[in-house]
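Only one structure is covered here, and it is reproduced in the block below.
The values are calculated or read from the model by the stated rules, or taken from the named source; none is laboratory data. Here the structure is a predicted model, which means the values were calculated and not measured. Please note: Cβ atoms are built from the backbone with ideal geometry, for glycine as well, and neighbour counts cover all protein chains shown. Each accessible area value is taken on the protein alone, full model and side chains, heavy atoms only, with ligands, DNA and RNA left out. Shrake-Rupley method; radii C 1.70, N 1.55, O 1.52, S 1.80 Å.
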Amino acid sequence: MWNYTDKVKEHFFNPKNAGALDEANAVGEVGSITCGDALKLMMKVNPDSQVIEDAKFQTFGCGSAIASSSALTEMIIGKTVDEALVVTNRDIAEYLGGLPPEKMHCSVMGAEALRAAIANFKGEEWVDDHEEGELVCKCFGIDAAMIERAVTVNSLTTLEEVTHYTKAGGSCQTCHEKIEEVLEAVLAKTGALAPPKSHAPGTVGLDAIKPLAPKAEAAPAKLTAPKLTNVQRMQKIMVAIEELRPQIQRDGGDVELVDIDGKDIYVRLTGACSGCSQSAGTMMGVQAKLVEALGEFVRVKPASLLPAGA
């Protein structure tokens, strides 16, 4: 469902520095297998020169997670600890020639593991984001501090972008209001009232896959599609889902429309997609398709969240 750069494919099919590092004196672990992605970064740091002489990784996750981890190790070997500390997830994505927006959280995981490993080397306490601040997204264990870092480093301005970069809100979606509160607080603090200019093609996210037209220096553009009747709206939703099904079926899964309640659209994932670690990404893909088809913002939710009696 996504296009990947040749650099991403190279690091996925032929990952660099994969495996255990017995001589490691700096180890950082982030994520959780139960949440779908986990990364263990191991570094061998010269205690005198502070130079990272070797680095290896062990990753449980998708191709983008493996590619991001591989790229990270290539980027930091030869750097001092302080030089490596300034590496951000955007640097990782740019090194790979860009990542699809839905996969930017993989680069964020790499940057978090690097922070954890450096803290481990320095003998400092680095607590997992489950402990660091208020837990915002219980499904993926994402706290307010991690969301704030992702928003600040990547100049994020929308809930959808936060989900792409951290996975927060990508499952049951009950935390969307809290995520928006954190986002608004960061934007108010930084004074970022409107989205920044789009990155140059070939750098980060969607721009690396399909260059976007320049945006005017103004507030986010609003969708202005004609008002649809209830019947027209339902028909568009059904057609959009039918267009998506062949892509999902190729991966052994399926999706079906269950109910429509205003802005909330309930669907059921079946087959290989049922309980899959990447089901949240599939749901976001369905939501993006429906937003495009309807010309309005809607929320796609799993059928299990249907109100009782509905």
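Summary table
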{"item": "Label-point separation, GLN58 to ARG245 (7 Å along Cα→Cβ), nm", "result": "4.3 nm"}
{"item": "Shape category assigned to region 6-122 from the gyration tensor of Cα positions, a/c cut at 1.5", "result": "prolate"}
{"item": "Approximate spin-label separation LYS236-LYS9, in nm, with each point projected 7 Å along Cα-to-Cβ", "result": "3.5 nm"}
{"item": "Flagged links, alpha-carbon separation over 21 Å, of LYS103/LYS189; LYS40/LYS301; LYS16/LYS40; LYS227/LYS289", "result": "LYS103/LYS189; LYS40/LYS301"}
{"item": "Debye-sum result for region 60-123 in log10 I(q)/I(0), which assumes one identical scatterer on each alpha carbon, at q = 0.18, 0.19, 0.24 Å⁻¹", "result": "-0.58, -0.64, -0.97"}
{"item": "Square roots of five times the Cα gyration tensor eigenvalues for region 230-304, Å", "result": "20, 12, 11"}
{"item": "Solvent exposure of region 230-304 as accessible area per residue, Å², 1.4 Å probe", "result": "51 Å²"}
{"item": "Relative packing of peptides 114-124, 19-29, 69-79, 94-104 - highest average C-beta neighbours within 10 Å first", "result": "94-104, 69-79, 114-124, 19-29"}
{"item": "Rounded percent of accessible protein surface that carbon and sulfur make up, region 230-304, 1.4 Å probe", "result": "49 percent"}
{"item": "Point-to-point label distance, LYS189-THR270, nm (Cα→Cβ direction, 7 Å offset)", "result": "4.6 nm"}
